[in-house]
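J.: The structure follows.
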Amino acid sequence: MKNEEIIDRLRAMGVPMYKQQLTKIFKRPFYCGIINHGLLDGKVVESTHETLISQEIFLKANGIHQANPNYGVPHKTENEYLPLKVFVKCDQCGHPFTGYIRTKITKKEKKELIFYYYKCRTNGCKCNRNNKELHQLFQEFLSSYSIKQELITSLQYELEHLFYELNKDNAEQEVLLKGQLTEVKKKLSTIMEKKRKVVCLVAVSPMILIFKEPVKTEKNLEGLVRLANYFAILSGQCCKMLQTVKW
């Protein structure tokens with residue numbers, strides 16, 4: 001059974017489900033009694049909670065998923081100049097558009113010009129569209145739709161709920177990472193304070209050694225005072241420098 005069929009059955013039962021969410025559920029070993037978490041330092045722990053499925057079924061489901069020819073295929077990053085890729089389909093064969101780039105060098109200025117195009121994925125189909133032209137047509141098409149004022153609140157609620165469901169895992173991970181970041185900042189603050197103390201101590205310690213020595217003449221005393229002033233200035237500069245440094 002394909003994921004799409006599973007999603008249709010779940011929605012018919014009143015369970016909202018999306019393809020990405022369903023894939024994440026299949027990959028979670030928690031449901032077969034195994035826990036793996038970032039706080040466990042890569043270790044896998046067998047839990048005592050009641051499992052929903054056996055480990056055999058979990059491995060079988062993931063084996064089917066990995067056998068899919070599209071499994072592990074890296075997705076290219078979105079291109080801001082071709083946002084309608086896959087979404088818009090060819091009006092001749094119905095296959096989704098992909099995109100490509102054409103460059104041209106001007107004769108006088110020798111400047112490189114970049115042009116973006118959409119094209120049909122079907123071999124032999126010559127359906128190509130300049131991105132600006134297609135974007136203009138798409139904007140004109142969207143302008144023909146409007147939302148009734150009394151439905152805006154309901155639509156906003158549904159969109160917020162959809163956003164929450166799609167990003168629920170990210171929100172949980174964000175809380176965990178923020179906690180770890182706080183701990184790191186505390187440790188960094190402690191290290192910075194220790195470094196300040198060490199540098200100030202290094203700058204001040206020669207003065208301490210100087211005044212431990214007995215002063216025999218007035219000339220020696222003047223020299224020691226000048227030296228002490230020098231180290232005092234040096235110590236102050238070191239402490240100010242440490243306050244401005246970002247560790």
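J.: Look through the range 13-57, keep the residues that are outside any loop (DSSP other than H, G, I, E, B), in contact with a Ser or Thr (Cβ under 9 Å, 6 or more places away or on another chain) and over 22 Å from L166 (Cβ atoms), and return whichever of them is modelled with the highest pLDDT. It would help to see each step written out before you state the result.
T.: Initially, the range 13-57 is screened for residues outside any loop (DSSP other than H, G, I, E, B), giving 19-27, 29-32, 34-36, 38-40, 44-46, 55-57.
Remaining after also requiring in contact with a Ser or Thr (Cβ under 9 Å, 6 or more places away or on another chain): 30-32, 34-35.
If we keep only those that are over 22 Å from L166 (Cβ atoms) too, we end up with 32, 34-35.
Working: C32: 85, I34: 82, I35: 79.
Among those that are outside any loop (DSSP other than H, G, I, E, B), in contact with a Ser or Thr (Cβ under 9 Å, 6 or more places away or on another chain) and over 22 Å from L166 (Cβ atoms), it is C32.
J.: Tally time: how many residues in the range 114-150 are within 32 Å of the chain's Cα centre (by Cα) and surrounded by 10 or more Cβ atoms within 10 Å (Cβ to Cβ)?
T.: The qualifying residues number 14.
J.: Would you check if K194 is modelled with pLDDT under 80, over 20 Å from Y18 (Cβ atoms) and either exposed (fewer than 11 other Cβ atoms within 10 Å of the Cβ) or polar (S, T, N, Q) (or both)? Give the steps one after another, and end with the answer.
T.: Values: modelled with pLDDT under 80: yes; over 20 Å from Y18 (Cβ atoms): yes; either exposed (fewer than 11 other Cβ atoms within 10 Å of the Cβ) or polar (S, T, N, Q) (or both): yes.
Here the answer is yes, as K194 does meet what is asked.
J.: Does F163 count as closer than 30 Å to A61 by Cβ and either of a type in the set (F, W, Y) or in contact (Cβ under 8 Å) with a residue 40 or more places away in the chain (or both)? Don't jump to the end; show me each part of the working.
T.: Working: closer than 30 Å to A61 by Cβ: yes; either of a type in the set (F, W, Y) or in contact (Cβ under 8 Å) with a residue 40 or more places away in the chain (or both): yes.
In short, yes.
The values are calculated or read from the model by the stated rules, or taken from the named source; none is laboratory data. Source: prediction; values computed, not measured. Cβ: placed from backbone, ideal geometry, glycine included. Neighbour counts: every protein chain shown.
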